[in-house]
Amino acid sequence: KQEVTQIPAALSVPEGENLVLNCSFTDSAIYNLQWFRQDPGKGLTSLLLIQSSQREQTSGRLNASLDKSSGRSTLYIAASQPGDSATYLCAVRHEYNFNKFYFGSGTKLNVKP
Amino acid sequence: GAGVSQSPRYKVAKRGQDVALRCDPISGHVSLFWYQQALGQGPEFLTYFQNEAQLDKSGLPSDRFFAERPEGSVSTLKIQRTQQEDSAVYLCASQDPRRNSPLHFGNGTRLTVT
């Protein structure tokens with residue numbers, strides 16, 4: 001079974017810092033990888049989706065990279081702001097069983113003003 | 001609607017009661033997923049629908065859990081004889097027919113079984 005791990009579990013940084021969140025997965029047979037943001041008491045909001053054939057995707061201050069062969073993805077957040085405070089989760093979609101998305105437990109980010 | 005809508009937002013049930021959780025997906029989204037999220041954890045897959053067909057229910061934890069989507073849009077997740085271990089947030093997600101389209105989640109239903 002695919003195992004998805006996110007490190008660190010929690011991160012606290014001062015406003016303005018650039019930061020990197022990590023996601024690793026054990027089975028490289030993935031169709032795509034998606035990064036989500038979850039605010040307290042809310043559902044998940046999709047941030048970036050990277051297809052298995054891509055190396056990275058960018059949206060505003062966010063950049064996600066994917067190294068499928070090594071089972072790793074990173075989410076880079078530039079010039080962090082207090083509004084970025086949330087839990088960030090990654091999910092991989094199985095290459096053959098499209099019904100299956102496997103989620104990590106998330107990184108809880110706190111950006112201090 | 002503009003997004004995935006779930007109701008109720010909160011549900012408190014006494015142990016042994018039956019509950020029904022509703023999900024109204026984005027119009028036109030044929031794929032619908034139910035997930036269970038425990039505190040501090042990522043969502044765990046429960047079941048998947050394509051239109052009205054339930055194609056995968058391998059994640060349902062017991063036969064007390066039942067899901068349906070009779071007309072291919074609104075879905076209901078029913079839990080019979082609730083137990084304390086059923087306490088969690090239940091998330092619904094929908095996706096449009098393109099496989100590389102993102103999942104869209106509702107805000108979830110927080111179920112507390114006392």
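Each reported figure results from applying straightforward, stated rules to the coordinates on display, with no laboratory input. Everything numeric in this text was worked out from a predicted model, so none of it was measured. So basically every Cβ, Gly included, is an ideal-geometry build from the backbone, and we count neighbours across all protein chains shown.
Pick from A:Tyr88, A:Tyr31, A:Tyr96 the residue whose mean-square fluctuation is largest in a GNM of chain A, springs joining Cα atoms under 10 Å.
A:Tyr96
Applying the Karplus parametrisation 6.51 cos²θ - 1.76 cosθ + 1.60 with θ = phi - 60° to the phi angles of the stretch B:85-101, what ³J(HN,Hα) value in whole Hz is obtained for each residue in order, glycine and proline being reported as x?
So the J values, rounded to whole Hz, are 5, 7, 4, 4, 9, 9, 10, 10, 9, 10, 8, 7, x, 6, 5, 9, 7.
Skipping prolines and chain starts, which residues have an amide H placed within reach, meaning under 5 Å, of the one on B:Gly108, given they are 5 or more residues away or on another chain?
Placed amide hydrogens put B:Gln6, B:Cys92 under 5 Å from B:Gly108.
So who's got an amide H within less than 5 Å of the one on B:Asp56, skipping anything under 5 residues away but keeping other chains? H placed 1.01 Å off N, in plane.
Under 5 Å from the amide H of B:Asp56 lie the amide H atoms of B:Tyr48, each far enough along the sequence or on another chain.
Considering the alpha-carbon set of the stretch B:9-114 alone, what are its Rg and its Dmax in angstrom?
Values for the stretch B:9-114 (Cα only, Rg and Dmax): 13.3, 41 Å.
Can you list the equivalent-ellipsoid semi-axes of the stretch B:25-78, largest first and in whole Å, using the square root of 5 times each Cα gyration tensor eigenvalue?
20, 13, 9
Through the Karplus equation 6.51 cos²θ - 1.76 cosθ + 1.60, θ set to phi - 60°, convert the phi angles of the stretch B:61-77 into ³J(HN,Hα) values in whole Hz; use x for Gly and Pro.
The phi angles translate into x, 7, 6, 7, 9, 9, 10, 8, 8, x, 10, x, 10, 5, 10, 10, 9 Hz.
What does the C-alpha gyration tensor say about the overall shape of chain A? Classify as rounded when a/c is under 1.5, otherwise prolate if a/b is larger than b/c, or oblate.
Prolate, since a/c reaches 1.5 and a/b exceeds b/c.
When only C-alpha pairs under 8 Å and at least 6 residues apart count, what is the relative contact order of chain B, in percent? Mind showing how you got there, number by number?
Values: 296 pairs, mean separation 42.0, N = 114.
Value for chain B: 37 percent.
Only Cα pairs under 8 Å and at least 6 apart count here; give the relative contact order of chain A as a rounded whole percent.
37 percent
Would you please give the residues with an amide H less than 5 Å from that of B:Asn51, counting only those at least 5 places away or on a separate chain, with H modeled from the backbone geometry?
For B:Asn51, the qualifying residues are B:Ser31, B:Leu32.
What GluC sites (Glu not before Pro) does the stretch B:1-95 have in DSSP loop regions with at most 10 other beta carbons within 10 Å?
Hits after loop and neighbour filter: B:Glu71.
Determine the shielding of peptide B:40-49 by partner chains: average, over its residues, the number of Cβ atoms on other chains within 10 angstrom of each Cβ.
The shielding value for this peptide is 5.
For chain A, build the charge dipole from Cβ charges (+1 Lys, Arg; -1 Asp, Glu) around the Cα centre, then report which of A:Gln34, A:Phe98, A:Gly71 sits farthest towards its positive end.
Selected residue: A:Phe98.
Which of B:Tyr48, A:Tyr76 comes first, and how do the rest follow, when ranked by fewest Cβ neighbours within 10 Å?
Listing B:Tyr48, A:Tyr76 from fewest to most nearby Cβ atoms yields A:Tyr76, B:Tyr48.
For the protein assembly as shown, I need the span (max minus min coordinate) of the C-alpha atoms along each principal axis, in Å, sorted largest to smallest.
Ordered largest first, the protein assembly as shown gives principal extents of 49, 38, 34 Å.
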